[in-house]
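A.B. asks: Right, I'll just put the structure down here and ask away after.
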Amino acid sequence: MDSVDQYVARADALYHDVSYRSVAEWKTRTGKKAAGHLPVYAPREIIDAAGMLPVAMHGAGDQVEIIRGDAYFQSYICQLPRSTIELAMSGRLDDIDAFLFPSTCDVIRNLSGMWKMLFPKKFVRYLDLPQNFDRKVAGRFWAGELRHLYADLCALNGTTPSDDALRLSLARFSANRRAVASLMALRASEPWRAPAAEAYLIIRAGDVMPVEEHTAFIEGYLAAAQGADRPMRDYTRVVVTGAFCEQPPLELIRTLERAGCYLVWDDFTVGARFLEGDVSLAGDPIEALAQAFLNQSVKNACVYEPDGKKGEWLVNTVRDTRADGVVFAAPSFCDPALLEQPMLVTALERAGIPHTSFKYAENLGQFQVIREQAGTFSDGLRLWSNA
Amino acid sequence: MSTEQSAAVKEPSMLQQKEMIAEHFRELSRTGETKKKVVYTFVPGNLTELLLAFDVLPVHPEINALQSAMRQKAGAYIGEAERIGHSEDVCTYVKCDIGMKRLGNVGPTGEVLPKPDLLLLSYTGCFTFMKWFELLRQEYDCPVVMLHTPYQGDGEITPTMTQYMVEQIRQQVIPALEKLTGKSFDEERLRELMRLSARAEDDMVAVLESAKHKPSPIDAYFGGVYYIGPMFTAFRGTQGAVDYYAQLRRECNQRIAAGEGPITPEGTSPKERFRLIVEGPPNWTHFREFWKMFHDEGAVVVASTYTKVGGTYDLGFRHDPTNPLESLAQYCMGCYTNRNLPQRLDMIVKYADEYSADGLLINSVKSCNSFSAGQLMLLREFERRTGKPGGFIETDLVDARYFSAANVKNRIESYLQMIVQKRTAGAASVDLAAAASLVRSLPVINQGGAA
């Protein structure tokens, strides 16, 4: 068994590989194609079943200087599309053969059109996730979209569509979600054993790893982390939300923990666990995946909440993870997160749950202010919450 | 979409529209007595005919927001929304609406707007709409019915998309309206309303296309936002809208016959010096000042994309009473911001040719990523495909803090100078080409030989 450090070192190398060399190596090894998708949710099972490597693209973080990307967007547009364009224009995405743009927000939606114009030889698909959650009406629509996507990706990759291949992929991703859930559960119960930045890297490794390899990778890390001797600190337990698309810099995650916060739940990598539980292997696998989106997806600002119980999930998450408070961490100019935030705040205040908020960009370089703010929040909760 | 400021010439159509809007708001203020139900919905992808078939009164929050801006109330409303925790980064229409509600919900005519009995979330071409009505649901604690309009990501409307829309309308929207009003759906009544819509749409398209004349009898952006008012809001499908557009068309024809330009708040436009296409919504806080910057330079907008957010009728769509629900679905999916970027570019390039435009000016608004994300690429591609110059200005919808008059004016003036230089350079190159041609046609004298 590898040590925790070895797992983290490998995940860290993949995280910093913004040229996607591991994808190129996989393609050389297998002779197959790769399909990238932007945050938050994409049906990776479909990509996998088409014999392609699903690649979750989260921009370039703070690792690439943005030159060309800035020429495409006004100052009031978030950072993620700039760095994504930068990666593409600098040739770093050349090994990605297909690009999927989920309906996360209007910026990602419009980026799909820009991609069509910029890279006319690449396969580009906008994924219009159903915002109507009626099982029958939306189920038929979404299943139709998934079928269309599956047929097109199979054609691109030179594979034959098959229900068996789809079922195998559904099973692989269900297993992966179980592994991710175990890691999240460890963080909620014993966060000192799997520090936030470390767990984050382990999950992010799945951005580029074949799914079955990633599942084994998480399981290996979990075993190593549970056996590691790490001290429990007197930290405040917080839930972090709002960071589901453009990712915070790794250093920001470390900063929050250094400021005295155990991140017992976060939505940084929510795309990897957007469906809760296993997807049924009975019946038509496309129908099963479509219904899983309608019935088993998490609450997230990028999708509509038909039941009107806005924020109930957050209150429940705070209770389930025994968190002391909530940190709203949203990227600047992020419509979904920032429009959602006042509604979540209302729910928290009704439940008497303390909260604080800040904004960031993926290439933020200064963390002192956030550290002070998080530290003050943490101290306040620990020292004064019972007063 | 009227302004209180205008002291200029009032044509009959303007008075007609003003009265239509006033009557609508009077009706809204009387719902306590009339017991009419009120449905809040959005302009793009609105189902006005269906709502009118149930005798409910539509309210469009984005219209309230822009009206508030024109009445200089938006600043206080946005401030109130930010005070209660709404981010400075997000759409100011939303904050203006939330702030207005929190400060008494007084509408543009000074009367309190009724609360919604239902929120019809016509989710078309704008992500923020979804969050907006989630916020309003929390504010009003009232039911919401979602109509998810699939985006034309691949530049087409597929049968799956249409089926999805029709099923939502038939199985969810109509039952919600039946439950709200206690009335059964009357398809024949819907057909009749759609017949009236199509008549008005014909006239509206004729008005918009009148800008192909030189000089253009209309301004298709600043004037255009008035012209689309009845069509895009509560009046499509009414006899009032049919009459309004027939009158408007007559007035345009009269101006064409007289060789006159658009009527503006400053009077009839001076000589038309520039013919522009404008992409993006206008700024509403300084609407008249903004318009005047164009007026003073003799710049007339001959085509705009904003006037297509509530339907792309100029591309041929008409409400079709023979297939009412399919037609409503097609209408929603065809709205401008529900089209992908290559489609939007194609439209603008087509306008440049058909309207003999000098160039494209983009008014990029901070509030609206649906419009704004990708506009710099539109600009570049427009220039590449047409060889005509593009200009770029930045303002906001209803937040005056993002309207810098001096900057905007400078940018517009610089852009117009660029057009002049391009014309001059073009004329010079034409002259040079003619001279070269003349030289080539002259007999050769002393070729190659020394005297």
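The values are calculated or read from the model by the stated rules, or taken from the named source; none is laboratory data. Keep in mind it's a predicted model, so treat the numbers as computed, not measured. Here Cβ is always computed from backbone atoms with ideal geometry, including for glycine, and neighbour counts include all displayed protein chains. What goes into the accessible areas is simple: the full protein's heavy atoms, side chains included, and nothing from ligands, DNA or RNA. Shrake-Rupley method; radii C 1.70, N 1.55, O 1.52, S 1.80 Å.
A.B. asks: For A:I67, indicate whether it is at pLDDT below 95 and either more than 8 Å from every other protein chain (Cβ to nearest Cβ) or open to solvent by less than 10 Å² (accessible area, probe 1.4 Å) (or both). Walk me through how you get there before you give the answer.
C.D. replies: Working: at pLDDT below 95: yes; either more than 8 Å from every other protein chain (Cβ to nearest Cβ) or open to solvent by less than 10 Å² (accessible area, probe 1.4 Å) (or both): yes.
So A:I67 fits the description; yes.
A.B. asks: On the basis of being out of contact with any Phe, Trp or Tyr (no Cβ under 9 Å at 6 or more places or on another chain), within 14 Å of chain B (Cβ to nearest Cβ) and either open to solvent by 20 Å² or more (accessible area, probe 1.4 Å) or at pLDDT 95 or above (or both), does A:L149 make the cut?
C.D. replies: Spelling it out, A:L149 is indeed out of contact with any Phe, Trp or Tyr (no Cβ under 9 Å at 6 or more places or on another chain), within 14 Å of chain B (Cβ to nearest Cβ) and either open to solvent by 20 Å² or more (accessible area, probe 1.4 Å) or at pLDDT 95 or above (or both).
A.B. asks: List every residue pair whose Cβ atoms lie under 7 Å apart, where the two residues are 6 or more positions apart in sequence or sit on different chains, the first residue falls within the range B:179-193 and is within 9 Å of B:A53 (Cα to Cα), and the second residue, located anywhere, is surrounded by fewer than 16 Cβ atoms within 10 Å (Cβ to Cβ) and not hydroxyl-bearing (S, T, Y).
C.D. replies: Taking only residues 6 or more apart or on different chains, the pairs are B:F185/B:E178.
A.B. asks: Related question: Among the residues of the range A:90-112 satisfying the criterion of being within 12 Å of chain B (Cβ to nearest Cβ) and out of contact with any strand residue (DSSP E or B) (no Cβ under 8 Å at 6 or more places or on another chain), which is surrounded by the fewest Cβ atoms within 10 Å (Cβ to Cβ)?
C.D. replies: A:D106
A.B. asks: Tell me, please, whether a residue that is open to solvent by 10 Å² or more (accessible area, probe 1.4 Å) and hydroxyl-bearing (S, T, Y) can be found in the range B:243-254.
C.D. replies: No, the conditions are met nowhere in the range B:243-254.
A.B. asks: Whether any residue in the range B:70-78 is under 23 Å from B:V225 (Cα atoms), of a type outside the set (D, E, K, R), in contact with a Leu (Cβ under 9 Å, 6 or more places away or on another chain) and open to solvent by less than 10 Å² (accessible area, probe 1.4 Å) is what I want to check.
C.D. replies: yes
A.B. asks: Here is a further query. State all residues of the range A:301-324 that are farther than 13 Å from B:M130 by Cα and among the acidic types (D, E); if no residue qualifies, say none.
C.D. replies: Matches in the range A:301-324: A:D307, A:E312, A:D320, A:D324.
A.B. asks: Applying the selection to the range A:248-265, what residues are part of a loop (DSSP other than H, G, I, E, B) and open to solvent by less than 10 Å² (accessible area, probe 1.4 Å)?
C.D. replies: Our first condition is that a residue be part of a loop (DSSP other than H, G, I, E, B); within the range A:248-265, this holds for A:248-249, A:259-260.
Passing the criteria: A:P248, A:P249, A:G260.
A.B. asks: Separate question: Can you find a residue in the range B:12-33 that is more than 14 Å from chain A (Cβ to nearest Cβ), surrounded by fewer than 17 Cβ atoms within 10 Å (Cβ to Cβ), of a type outside the set (S, T, Y) and part of a loop (DSSP other than H, G, I, E, B)?
C.D. replies: The answer is yes, given that some residue of the range B:12-33 is more than 14 Å from chain A (Cβ to nearest Cβ), surrounded by fewer than 17 Cβ atoms within 10 Å (Cβ to Cβ), of a type outside the set (S, T, Y) and part of a loop (DSSP other than H, G, I, E, B).
A.B. asks: In addition: Could you tell me which residue of the range B:115-153 is surrounded by the most Cβ atoms within 10 Å (Cβ to Cβ), considering only residues that are more than 7 Å from every other protein chain (Cβ to nearest Cβ) and part of a helix (DSSP H, G or I)?
C.D. replies: Step by step, filter the range B:115-153, then rank; the result is B:F133.
A.B. asks: Residue check: is B:G110 small (G, A, S) and either within 9 Å of chain A (Cβ to nearest Cβ) or open to solvent by 10 Å² or more (accessible area, probe 1.4 Å) (or both)?
C.D. replies: On the way: small (G, A, S): yes; either within 9 Å of chain A (Cβ to nearest Cβ) or open to solvent by 10 Å² or more (accessible area, probe 1.4 Å) (or both): yes.
Considered against the rule, which asks whether it is small (G, A, S) and either within 9 Å of chain A (Cβ to nearest Cβ) or open to solvent by 10 Å² or more (accessible area, probe 1.4 Å) (or both), B:G110 comes out as yes.
A.B. asks: Hey, among A:A337, A:A329, A:A347, which residue is open to solvent by less than 20 Å² (accessible area, probe 1.4 Å), away from chain B (no Cβ under 12 Å) and outside any loop (DSSP other than H, G, I, E, B)? Show your work before the answer.
C.D. replies: Working: A:A337 fails: away from chain B (no Cβ under 12 Å); A:A347 fails: away from chain B (no Cβ under 12 Å).
Going through A:A337, A:A329, A:A347 in turn, just one is open to solvent by less than 20 Å² (accessible area, probe 1.4 Å), away from chain B (no Cβ under 12 Å) and outside any loop (DSSP other than H, G, I, E, B): A:A329.
A.B. asks: OK, next. So which residues in the range A:219-229 are in contact with a helix residue (DSSP H, G or I) (Cβ under 9 Å, 6 or more places away or on another chain) and part of a helix (DSSP H, G or I)?
C.D. replies: A:E219, A:G220, A:Y221, A:L222, A:A224, A:A225, A:Q226, A:G227 - these are the residues of the range A:219-229 that are in contact with a helix residue (DSSP H, G or I) (Cβ under 9 Å, 6 or more places away or on another chain) and part of a helix (DSSP H, G or I).
A.B. asks: Now for a different question. Against the definition (closer than 27 Å to B:R401 by Cβ, buried (at least 22 other Cβ atoms within 10 Å of the Cβ) and either at the interface with chain A (Cβ under 10 Å from one of its Cβ atoms) or among the polar types (S, T, N, Q) (or both)), how does B:C91 come out, yes or no?
C.D. replies: Here the answer is yes, as B:C91 does meet what is asked.
A.B. asks: Here's something else I'd like to know. When the residues of the range B:195-228 are narrowed to those that are open to solvent by less than 10 Å² (accessible area, probe 1.4 Å) and of a type in the set (G, A, S), which ends up nearest to B:P324 (Cα to Cα)?
C.D. replies: Once the filter is applied, the top-ranked residue is B:S197.
A.B. asks: Quick one: is B:G99 touching a residue at least 12 places away in the same chain (Cβ under 8 Å) and within 30 Å of A:N132 (Cβ to Cβ)?
C.D. replies: yes
A.B. asks: Would you be able to tell me the number of residues in the range B:154-203 that are within 14 Å of chain A (Cβ to nearest Cβ), closer than 19 Å to B:T312 by Cα and in a helix (DSSP H, G or I)?
C.D. replies: Looking only at that region, the number is 3.
A.B. asks: Also, I was wondering about something else. With the requirement that a residue be of a type in the set (D, E) and touching a strand residue (DSSP E or B) at 6+ places or on another chain (Cβ under 9 Å), what does the range A:228-271 give you?
C.D. replies: A:E246, A:E257, A:D266, A:D267
A.B. asks: Taking A:D335 as meeting all but one of (1) touching a strand residue (DSSP E or B) at 6+ places or on another chain (Cβ under 9 Å); (2) within 30 Å of A:G61 (Cβ to Cβ), write down the number of the exception.
C.D. replies: Of the numbered conditions (1) touching a strand residue (DSSP E or B) at 6+ places or on another chain (Cβ under 9 Å); (2) within 30 Å of A:G61 (Cβ to Cβ), the odd one out for A:D335 is (1).
A.B. asks: I need the full set of residues from the range B:403-442 which are hydroxyl-bearing (S, T, Y), modelled with pLDDT of 65 or more and open to solvent by 80 Å² or more (accessible area, probe 1.4 Å), in order please.
C.D. replies: Listed by number, the list holds a single entry, B:T424.
A.B. asks: Further question on the same structure: Report the residue count in the range A:354-382 for those that are open to solvent by less than 20 Å² (accessible area, probe 1.4 Å) and over 16 Å from A:G260 (Cβ atoms).
C.D. replies: 2
A.B. asks: Now for a different question. Please go through the range A:295-314 and give me each residue that is over 19 Å from A:V239 (Cα atoms), of a type outside the set (G, A, S) and in contact with a helix residue (DSSP H, G or I) (Cβ under 6 Å, 6 or more places away or on another chain), ordered by number.
C.D. replies: A:Y304 - this is the single residue of the range A:295-314 that is over 19 Å from A:V239 (Cα atoms), of a type outside the set (G, A, S) and in contact with a helix residue (DSSP H, G or I) (Cβ under 6 Å, 6 or more places away or on another chain).
A.B. asks: Got a sec? Which helices (runs of 4 or more DSSP H) wholly within the range A:1-51 have at least 1 residues that are acidic (D, E) and in contact (Cβ under 8 Å) with a residue 60 or more places away in the chain?
C.D. replies: A:4-15, A:44-49
A.B. asks: Another question, if that's okay. Mind checking which helices (runs of 4 or more DSSP H) fall wholly inside the range B:333-390 and carry at least 2 residues that are modelled with pLDDT of 95 or more, under 22 Å from B:L208 (Cβ atoms) and open to solvent by 10 Å² or more (accessible area, probe 1.4 Å)?
C.D. replies: Working: elements: B:341-354, B:369-372, B:375-386.
Result: B:341-354.
A.B. asks: I'd like to check something: does the range A:117-130 contain any residue that is facing chain B (nearest Cβ under 7 Å), over 23 Å from B:Y164 (Cβ atoms) and of a type in the set (A, V, I, L, M, F, W, C)?
C.D. replies: Yes: the range A:117-130 contains one or more residues that are facing chain B (nearest Cβ under 7 Å), over 23 Å from B:Y164 (Cβ atoms) and of a type in the set (A, V, I, L, M, F, W, C).
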